[in-house]
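S.K.: Let me give you the structure first, and then I'll get to my questions.
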Amino acid sequence: MVARRAIMAETYKRRFGLDWDKGVHDIQIDLILAKKWRFAPFCHGNLLDPGEHLIRAIQALFTPDQWTISPWTEEHAHAWAAEDFSVWLGAASTGKSNDAGGFAVLDWITDPLDTYIALASTSVPMLKLRSFESVTRYFRILKKNPVFLIPGKEASSQTAIINENAVDEGEDAGSDATAKASIRGVALADGDEAKAVARLAGAHLPWTSIILDEGSALPAAAAKARFNAMAGAKRFRFLSLANPVSQFDEATKFCVPVDGWASVNADTPRWRSKHGLVLHHNGFQSPAIVEPGGAEKYPFLINKAQIDRMLDEVGGNEDDPMIWVMARGFPIPRGDTASVLSAADLDLFHAREPATWRGDGSGVWFVDVAGADPAFVAEGDGCVVQRARVG
């Protein structure tokens with residue numbers, strides 16, 4: 001027993017209630033626990049919140065100037081580490097794309113031969129401006145780290161990070177694991193959409209993630225790709241980032257609160273839908289505004305001067321659609337286009353709730369309904385209402 005303990009002491013170290021080979025760096029331990037906290041043997045340890053393990057790794061690998069941790073970054077880290085399905089709604093400049101791209105890099109370098117992460121946006125230029133810009137930036141910083149040998153390389157002919165021995169040949173880079181295991185940008189508005197969507201779902205590696213940047217503007221097929229991508233994965237993660245346009249756009253439709261839209265408002269920071277976690281960042285509550293000295297601490301976040309400029313450009317109208325989308329980051333209650341019934345009307349009159357059936361005592365159940373043509377055109381046909389009984 002004594003001899004065995006002596007050998008253990010020389011070979012292993014104890015972290016978070018688990019034994020680790022002494023060759024495993026503490027930063028790598030945090031990355032592993034942030035990614036695999038729910039799986040054995042790691043789930044048996046005395047772990048921190050998985051998001052905290054991720055934040056610890058970020059602070060150890062990057063300087064505050066390279067990656068500034070705002071309160072919203074902490075929320076993103078927890079959602080990335082803990083949730084399999086999440087949507088991050090928010091105003092412009094809330095750090096969504098930056099953090100998602102950085103998390104993708106850290107997730108991939110933890111298991112570079114078994115991890116596939118696809119980042120989708122409307123076009124290659126938008127990819128390079130948004131989430132994939134931070135992938136490239138953080139990957140280049142890590143490659144220069146004097147202490148760690150970071151795996152992978154940038155693919156010259158692709159928007160991708162691939163393994164060192166993977167062949168850089170565009171979409172047909174090979175079928176082996178080293179070619180599939182990568183971080184890839186997928187442009188859904190450039191060229192063949194069906195082919196692009198297939199690239200979102202085609203890897204089938206143990207650790208697979210799909211990140212939709214500009215989720216409200218992407219086709220419905222992008223989100224549906226998750227059903228194929230999750231097949232065979234040990235853990236599959238889906239994340240959509242969006243400036244919501246309405247309650248019915250391709251990102252916000254996953255955000256319907258379990259208690260209905262009437263249960264949340266533009267000041268609600270988070271809620272759960274039937275799909276997963278929804279984070280909401282209202283620009284009027286930006287850390288750059290609410291924290292003392294916040295504009296200097298978080299120059300990359302939306303601030304009061306920027307919101308004031310937006311308001312000035314729309315004549316001070318706080319209900320202008322662009323203020324809802326770019327400043328509040330919340331679905332517009334009245335919609336951005338003219339309609340007979342707005343989303344707020346649907347909630348007010350309980351139009352989304354299940355029908356209440358009535359019985360006539362003879363075993364027949366029915367509900368009364370009506371359809372209307374409001375005839376808004378001046379001097380056009382009169383308003384027509386048709387009633388019916390369904391049962």
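The values are calculated or read from the model by the stated rules, or taken from the named source; none is laboratory data. Predicted model, so just to flag it, every value in this text is computed and none were measured. As a convention, Cβ positions derive from the backbone with ideal geometry for all residues, glycine included, and neighbour counts pool all protein chains shown. For the accessible areas, the whole protein counts, side chains as well, though only heavy atoms, and no ligand, DNA or RNA atoms are used. Shrake-Rupley method; radii C 1.70, N 1.55, O 1.52, S 1.80 Å.
S.K.: Please calculate the 1.4 Å probe accessible area of D65, with all protein chains present, and give it to the nearest 10 Å².
M.R.: 150
S.K.: What list of ³J(HN,Hα) values in whole Hz, one per residue of region 30-43 in order, does the Karplus curve 6.51 cos²θ - 1.76 cosθ + 1.60 (θ = phi - 60°) give from phi, with Gly and Pro shown as x?
M.R.: Once rounded to whole Hz, the list reads 4, 5, 5, 5, 5, 8, 10, 4, 8, 9, 5, x, 5, 5.
S.K.: Computing the accessible area with a 1.4 Å probe over protein heavy atoms, can you report the carbon and sulfur percentage for region 259-321?
M.R.: With neighbouring chains kept in place, the figure for region 259-321 is 50 percent.
S.K.: Give the Cα extents of region 36-184 along the principal axes, in whole Å, largest first.
M.R.: 42, 40, 34
S.K.: Stretched out fully, how many nm does the piece from E353 to L113 gain, at 0.36 nm a residue minus the Cα gap?
M.R.: Once the chain is fully extended between E353 and L113, it gains 81.7 nm.
S.K.: Determine the alpha carbon to alpha carbon distance for each of K253/K274; K128/K224; K195/K224; K224/K253; K22/K143 and list only those over 19 Å.
M.R.: K128/K224; K22/K143, as the Cα separations exceed 19 Å there.
S.K.: Could you give P(r) for region 195-345, binned at 10 Å from zero, as whole percent values over all Cα-Cα pairs?
M.R.: Values per bin, smallest distances first: 11, 32, 32, 20, 6, 0.
S.K.: Taking the Cα centre of the chain as origin, work out the dipole magnitude from +1 charges on Lys and Arg Cβ and -1 charges on Asp and Glu Cβ, in debye rounded to 20.
M.R.: Charge dipole of the chain: 1680 debye, to the nearest 20.
S.K.: Let me have the 222 nm mean residue ellipticity of the chain computed from DSSP H runs of 4+ only, each contributing -39500 (n - 2.57), with the sum over all residues rounded to the nearest 500.
M.R.: -9000 deg cm²/dmol
S.K.: Apply the a/c threshold of 1.5 to the C-alpha gyration tensor of region 256-324 and tell me whether it is rounded, prolate or oblate.
M.R.: Taking the square roots of the gyration eigenvalues as a ≥ b ≥ c, region 256-324 is oblate.
S.K.: Just checking my list [x] 60, 46, 39; [y] 91, 59, 45; [z] 68, 47, 44 against Cα extents along the principal axes in Å computed from this structure; which label fits?
M.R.: Read-out taken from this structure: [y].
S.K.: Something else about it: Tell me, what HN-Hα J-couplings in whole Hz come from the Karplus equation 6.51 cos²θ - 1.76 cosθ + 1.60 at θ = phi - 60° for each residue of region 282-292, using x for Gly and Pro?
M.R.: So the Karplus estimates, Gly and Pro as x, are 7, x, 5, 10, 4, x, 5, 10, 7, 8, x Hz.
S.K.: Sticking with this one: Find the accessible area per residue for the chain; the probe is 1.4 Å, ligands and nucleic acids are left out, and the unit is Å².
M.R.: Here the residues of the chain average 50 Å² of exposed surface.
S.K.: A further question follows. On the full set of protein chains, 1.4 Å probe, figure out the accessible area of V384 and give it in Å² to the nearest 10.
M.R.: For V384, the solvent-accessible surface is approximately 80 Å².
S.K.: Using θ = phi - 60° and the Karplus curve 6.51 cos²θ - 1.76 cosθ + 1.60, what whole-Hz ³J(HN,Hα) does each residue of region 70-75 get, with Gly and Pro shown as x?
M.R.: 9, x, 5, 4, 4, 5
S.K.: Here's a follow-up. So between D312 and V384, what do we pick up on full extension, going 0.36 nm a residue minus the alpha carbon distance?
M.R.: 21.7 nm
S.K.: I'd like the per residue volume of the convex hull spanned by the Cα atoms of region 1-122, given in cubic angstrom.
M.R.: For region 1-122, the hull spanned by Cα atoms encloses 130 Å³ per residue.
S.K.: Can you tell me the order of 110-121, 225-236 when each peptide is scored by its average per-residue count of other Cβ atoms within 10 angstrom, highest first?
M.R.: 110-121, 225-236
S.K.: If ligands, DNA and RNA are left out, what is the accessible area of W261 with a 1.4 Å probe, given in Å² to the nearest 10?
M.R.: Estimated to the nearest 10 Å², W261 gives 10 Å².
S.K.: Taking all protein chains together and a probe of 1.4 Å, list W357, W207 from the most accessible to the least accessible.
M.R.: W357, W207
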